[in-house]
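One structure is given here, and the rest of the page talks about it.
Read-outs throughout are calculated quantities, based only on the coordinates presented, and are distinct from any laboratory measurement. From a predicted model like this one, the values you see are computed outputs, not experimental measurements. Note that we place each Cβ from the backbone using ideal geometry, even for glycine, and neighbour counts take in every protein chain shown.
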There are 2 protein chains.
Amino acid sequence: MALVDAPMLMALDGVVAQLPTDVVARAKTYLRLSGNGKTGAYSDPAGHLWVREAIASFIARRDEDSTVAPDPQHIIADGATNAVRIIMQLLIAGPSDGVLIPIPQFPLFTALISLCGGTVAPYYLDESVRWGFNVQNLEMSVQKLKDDGVTPRIMVVINPGNPTGQVFTRDTMEDVVRFCHEHNIILLADEVYQDNIYGADRVFHSFRKVILSMPSPYNTTSCISLHSTSKGAVGECSRRGGYMELLNIAPNQRAQMLKLCSINLSSNFNGQVMTALMCSPPVEGDESYPLFRKEYDFILSGLKERAELLTKELNSIEGISCNSVDGAMYAFPQIYLPPKYVARCAALAQEEEVAADARWALELLEATGVVVVPGSGFLQQQGTFHFRTTILPPQDQMMAMTSAIRAFHTKIMESYA
Amino acid sequence: MALVDAPMLMALDGVVAQLPTDVVARAKTYLRLSGNGKTGAYSDPAGHLWVREAIASFIARRDEDSTVAPDPQHIIADGATNAVRIIMQLLIAGPSDGVLIPIPQFPLFTALISLCGGTVAPYYLDESVRWGFNVQNLEMSVQKLKDDGVTPRIMVVINPGNPTGQVFTRDTMEDVVRFCHEHNIILLADEVYQDNIYGADRVFHSFRKVILSMPSPYNTTSCISLHSTSKGAVGECSRRGGYMELLNIAPNQRAQMLKLCSINLSSNFNGQVMTALMCSPPVEGDESYPLFRKEYDFILSGLKERAELLTKELNSIEGISCNSVDGAMYAFPQIYLPPKYVARCAALAQEEEVAADARWALELLEATGVVVVPGSGFLQQQGTFHFRTTILPPQDQMMAMTSAIRAFHTKIMESYA
């Protein structure tokens, strides 16, 4: 990216000789494809065609047994957050349009649904089955919506899950597809953690691949899938790179999405370059490949080790239970709070509005310096308490964190027994 | 920016010795300030504090006689387009909220007002006085709005103007401020072309400076000003860099803007670096200063020459008249279309919806290969026709373009006389 931003660096004495040949060649290719080096100019609002082609190739390699080739014209490369904004703007006209979102959820979704004036229709992930869910419950959610005069337009599925860390089985995914097809709902598949899989018995399947492998009519289900450069092994979240890919979306809806996208005039160039880099990593034979492979494996295996360690440590604390972190970057453990502690929180909450798990998190912070995000921020089953933490810190910091939580929560359990 | 993206470049043999010392020092400073080199991490949604401090210093230098120092906490550095989106989202609740926009206008504004469901309240710039305007007309626009039950919330002023190329006099600006203050309207000052001033008798004054220099109570007028890295001498429009600065905005409104901004989680890092670079250019004594000065002056003096040339050439074509391009990057000439030509366009328009100036532009394109933007896309006084063109092309291309327009329009004038 740096060479593309400042090609003059390649003209300095000795620079090119010190860099891997494939890196220099790639920078020159990207420069040529970006208006012959005019990288500061507006691009297509949906992103440079060469970037969308790199994304399409990535999808084709990932979903290798799919029968339908991804089409660059059905890809908008302007970040995943912008994608959600555009989708909500297009499909929500007012409170009679509903969006099914998983609880616990990632707050971006409720924020944008609120801004667009739509109705949030929660469906609950089931903590007792590794944050999976039952389609029967979805049918009930939809029936309730329809009774209230709300039409379900979109179903958000986050897989691997944030904050829950689950990875759905293929069976569950097929249930979701059938459900969306039967109710004429567009499936919004937030798949930004697709590289982050740790559970030994879980693999990532894209909804795109699952849909296309199903028999007619389910293979015509409408799906918009999101990916991002903010997660995975890349983790360059400040670059605002990412894309949405449209599958079985009506041409007039696609045209309107491009129109909404064009209000921004241009996708951010550096985010596009980052997305292209993520979608076409070095391959065997490239000079940069060994280093890439080493760094990639180091990052992913470290995350996997810490996912296992964090689950084990949290489950060894009395009053805390946690599903295995099968994917993504987070654990969402349940905290048992003694009734006396909850009663104290309720009494205090009359003065300031703080949920019991939010107070627990604040007191943890005061007592130990450890920051966690209270479960109430992600919504949760009534009467349960959770917090979100992450597998990102180095192992020694993580052990220090779980020790601190252990000491703090043990004291709560004793004091309010 | 490249050195900040890839600090490893500075570790290559001989690279640092070949670059200006201030450039390397600046890259190291920016790296240190951005989380000690963690440039891929999320920043504050409003932008890194050091970036907002660079912006505040820039504003203080630009408005040197202002009594109130700019506050980095009142700056949101996440691009100018995002800024407009946030402002409209905050201040428009529905059709009873009105936004005054200049006609001709930049289409971003009407697009976002429509998306937010607000009411567009046009005010007309007066072509006969170099695209200035009369506050009397504004009073009439507001009265009409109020009669319709619409509350005016925002007044958009684009100065220097797009597409009109005007630069307002200080008197006009003071009129605007008094008007906004009296009607309790927030002034949205789109000042992205502040570096692009060519008219010999016109200088750029920021609305911020004008407001703060006025007597009480006008110095408390609410104003949000926009600036961008897409224009000026920088012209890096694909980086999506820019900022809004809030003056006399109520704390609760500012808090809500930050909340809306935080939905995006993070401002784009490269756009922030570009904004910091624009706001703190090399200064005399820096090794990079002579080259910066040379390039800056070359770009700006070239634009000024072409602004004069374009006006002169267009005014020498029969049936075309054009105000001087005092600022920005565009000319917005009026085209006289013979009644017979307009009648033919009207007849054709029954089949496909194309305004007369849009058809003229299409026929110009077919006949000559020259692309201009029809005035109807920017809105204009009923019964007038315009097109927008730009002073950006090199001089020889511009002369070829005006010759082609001359030949084409002369033929129209003759054929439909």
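Descriptive notes on the structure:
- 14 Å Cα-Cα reach of A:K144 towards aspartates and glutamates, excluding residues that sit fewer than 8 places from it in its own chain: A:D97
- Calculated FRET value between A:L392 and A:E64, using beta carbons and R₀ = 30 Å, to 0.05: 0.50
- Candidate lysines for bridging to B:K294, where Cα separation is under 22 Å - those fewer than 8 sequence places away on the same chain excluded: A:K38, B:K231, B:K304
- Residue order for A:V342, A:V210, B:V371, fewest other beta carbons within 10 angstrom first, comes to B:V371, A:V342, A:V210.
- Cα gyration tensor category, rounded, prolate or oblate, for the stretch A:290-415 with a/c compared to 1.5: prolate
- Put a dot 7 Å past the Cα of B:L115, heading toward its Cβ, do the same for B:L362, and the two dots end up 2.8 nm apart.
- Geometric extent, Cα atoms of the protein assembly as shown - Rg, Dmax (angstrom): 28.8, 97
- Charge context of B:G132, other residues only, Cβ under 14 angstrom, K/R +1, D/E -1: -4
- Among A:Y193, A:Y341, B:Y243, sorting on how many other beta-carbon atoms sit within 10 Å of each Cβ, with the fewest leading, yields A:Y341, A:Y193, B:Y243.
- Normalised by 2.2 N^0.38 Å, where N is the number of residues, the C-alpha radius of gyration of the stretch B:5-49 stands at 1.30.
- Average beta carbon contacts from partner chains per residue of A:38-49, 10 Å cutoff: 2
- Among B:T172, B:T164, B:T229: highest mean-square fluctuation, GNM of chain B, C-alpha pairs under 10 Å: B:T172
- Taken residue by residue and averaged, Cβ atoms of other chains lying within 10 Å of the Cβ of B:2-15 number 5.
- At q = 0.18, 0.19 Å⁻¹, base-10 log of I(q)/I(0) for the stretch B:193-291 (Debye sum, equal scatterers on each alpha carbon): -1.09, -1.14
- Overall dimensions of the stretch A:208-265 by Cα: Rg and Dmax, Å: 14.6, 41
- Using only side-chain charges placed at the Cβ, +1 for Lys and Arg and -1 for Asp and Glu, the dipole size of the stretch B:290-415 relative to its Cα centre rounds to 200 debye.
- Note on chain A: with charges restricted to the Cβ of Lys and Arg (+1) and Asp and Glu (-1), its dipole about the Cα centre is near 580 debye.
- Förster-model FRET efficiency, 45 Å R0, B:S128 and A:Q256, C-beta, rounded to 0.05: 0.70
- Counting only DSSP H runs of at least 4 residues, each contributing -39500 (n - 2.57), and dividing by the residue count of the protein assembly as shown, the helix-based mean residue ellipticity at 222 nm comes to -14000 deg cm²/dmol.
- Test item: A:236-249 mean partner chain Cβ contacts at 10 Å: 3
- For the stretch A:128-197 versus the stretch B:374-417, the spacing of their alpha-carbon centroids is 54 Å.
- Spatially, the stretch B:5-81 and the stretch B:287-337 are offset by 31 Å when compared through their Cα centroids.
- Dipole moment magnitude, nearest 20 debye, the stretch B:171-231 about Cα centre, only Lys, Arg, Asp, Glu C-beta charged: 160
- Positive minus negative residues near A:R208 (Lys, Arg vs Asp, Glu; Cβ under 15 Å): -4
- As computed over the stretch A:42-279, the Cα convex hull volume per residue (Å³): 117
- Helices in chain A that qualify as membrane-span-like (whole DSSP H runs, Cα extent of at least 24 Å along the helix axis, mean Kyte-Doolittle hydropathy of 1.6 or higher) do not occur.
- Its Cα gyration tensor gives chain B an equivalent ellipsoid. The semi-axes, each the square root of 5 times an eigenvalue, are 38, 29, 20 Å from largest down.
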